[in-house]
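The values are calculated or read from the model by the stated rules, or taken from the named source; none is laboratory data. This structure is a prediction, so every number in the text was calculated from the model and none was measured. All Cβ positions, even for glycine, are placed from backbone atoms using ideal geometry, and neighbour counts span all protein chains on display. These accessible areas exclude ligands, DNA and RNA; they are computed on the full protein's heavy atoms, side chains included. Shrake-Rupley method; radii C 1.70, N 1.55, O 1.52, S 1.80 Å.
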Amino acid sequence: MLVFFDMHDPAALRKHFLSDKVEHFTESVIREMTRQAMLYGAINLAQGFPDFPAPTEIKMAAQEAIAADVNQYAITWGAKNLRNAIARQMQEWQGIHVDPETQITVCCGSTEAMISTLLAICNAGDEVVIFEPYYENYGPDSVLSGAKPRFVKLHPPASTDGEWTFDEKELRAAFHNQTKAIILNTPNNPTGKVFSKPELELIRDLCIKFDVVAITDEIYEHILYDNTQHISIARLDGMAERTVTINGLSKSYSVTGWRVGWAVAPAPITGAIRKVHDFLTVGAPAPLQEAGAVALGLPASYYHELSERYRKRRDHLIPALGEAGFRCFRPRGAYYVMTDIRAFGYADDVTLTRHLVKEIGVAAVPGSSFYSNPRDGAQQVRFAFCKREETLDEAARRLKRLRSTP
Ligand SMILES: Cc1ncc(COP(=O)(O)O)c(C=O)c1O
């Protein structure tokens, strides 16, 4: 065997065997916190997946599809029934007309929809504007697609009941000739911010002025509180032709393990996304796409109940966190609470979350994992409340010990 470098030298091994790209990001901190929760027997308020059952009718639909032998590859860009259901839902909820034949790509989760979109539109050196704190996948997604992320801060509100905001000047300054896309996530993870119409209009104006694509991750579109309205940016004048709208089954139907999501875009962009998607994954799970079509046909009351149940969980967890010493920013959508941890006097978020998972038995996500510069999130921690009431009660009980343990 001919080997020209020392395989026991990690640096040499990296140089010869690994891509430079993977040097520029770490494994997901969120998913790592789930592994730690399992290791220490902690309650997992870290990763955003429900610990309660998915709706019976969609589980039945999945079982029926498998029994009916929908077990071979679906059309690479998505089963017709599901694409039709997606188009119908976008028309009904947002008044956006979509051609299911040319504008929809069903992917393995919205995660794949996002990376396929970025790979389809970005060239090396292109810049992508990202609001931060941001869902951690967007950083590695940009690196993998060769794009350079350019971050614009979302500032926490002065009062815990206020809105996270961005500075218009900072956003304007982020756009220039190299800007290819902006990634928007509304309702937002981790802040719970729901972007308002004037904010979206400002983003729209910049996208048009600089010929930029808006990639909007709307996976929490049905999880809204306090009469907040979700607006898809694709619906604003001038945006249909430059927007990729990403969504999926995971959060609206409590099936994060099914891995079904989609990208909706103008036909030429869809053509490019479909090519990337086909060679990355060939297709999303066929029987689960059929069940997805049933899910998207659930009545409006389903979504109202979904939001209402999450509102109760939010209003259950926030006081418990407050009592334990966290300053909570009240989310308007999605199912996370971002908190300020300064009152505890810990050196940083990682030290506190390590203590929480090992000694208190509650897993949360260090705020630093949502920022390009970890220092910016060093006094923040995120909790997920997509859990049963009993789970939240037990977490609250454990959190009472936080101040009394060293
Ligand atoms: C903002 C956001 N986008 C995408 C995802 C992943 O979605 P999917 O399961 O469809 O890949 C998550 C999961 O937590 C998320 O918070």
*Of all residues in region 186-216, which are within 16 Å of the ligand (Cβ to nearest atom) and open to solvent by 10 Å² or more (accessible area, probe 1.4 Å)?*
VAL194
*Return the residue satisfying two criteria in turn: it lies in region 368-403 and is small (Gly, Ala, Ser) and assigned to a loop (DSSP other than H, G, I, E, B), and of such residues it is least open to solvent (accessible area, probe 1.4 Å).*
ALA378
*Hey, can you tell me all the residues within region 333-354 that are surrounded by 20 or more Cβ atoms within 10 Å (Cβ to Cβ) and in contact (Cβ under 8 Å) with a residue 60 or more places away in the chain?*
GLY333, ALA334, TYR335, TYR336, VAL337, MET338, THR353
*Just one of ARG259, ARG235, ARG309, ARG314 is more than 30 Å from THR56 (Cα to Cα) and of a type in the set (D, E, K, R); which is it?*
ARG235
*Within region 261-278, how many residues turn out to be part of a helix (DSSP H, G or I) and open to solvent by 10 Å² or more (accessible area, probe 1.4 Å)?*
9
*asked:* Looking at region 223-246 only, could you name the residues that are within 13 Å of the ligand (Cβ to nearest atom) and part of a loop (DSSP other than H, G, I, E, B)?
replied: ILE223
_Residues that are within 16 Å of the ligand (Cβ to nearest atom): list the helices (runs of 4 or more DSSP H) wholly contained in region 87-185 that include at least 3 such residues._
109-121, 138-144
*Filtering region 41-57 down to residues that are more than 15 Å from the ligand (Cβ to nearest atom) and not in a strand (DSSP E or B), which residue is farthest from ILE30 (Cα to Cα)?*
GLU57
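Scan region 304-322 and tell me whether some residue there is over 30 Å from GLN380 (Cβ atoms) and more than 14 Å from the ligand (Cβ to nearest atom). Even if it seems obvious, please write down each step before you answer.
Kept after step one, since they are over 30 Å from GLN380 (Cβ atoms), are these residues of region 304-322: 304-305.
Going one step further and asking which of them are more than 14 Å from the ligand (Cβ to nearest atom), we end up with 304-305.
Scanning region 304-322, I find at least one residue that is over 30 Å from GLN380 (Cβ atoms) and more than 14 Å from the ligand (Cβ to nearest atom), so the answer is yes.
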*asked:* Need the failing condition index for LEU249 against (1) open to solvent by 30 Å² or more (accessible area, probe 1.4 Å); (2) among the aliphatic types (A, V, I, L, M); (3) within 10 Å of the ligand (Cβ to nearest atom), just the number.
replied: (1)
_For ALA214, only one of the following conditions fails: (1) modelled with pLDDT of 95 or more; (2) among the small types (Gly, Ala, Ser); (3) out of contact with any Ser or Thr (no Cβ under 6 Å at 6 or more places or on another chain); (4) not in a loop (DSSP other than H, G, I, E, B). What is its number?_
(3)
*Where residues in region 281-326 are closer than 30 Å to VAL70 by Cβ and acidic (Asp, Glu), which of them is nearest to the chain's Cα centre (by Cα)?*
GLU305
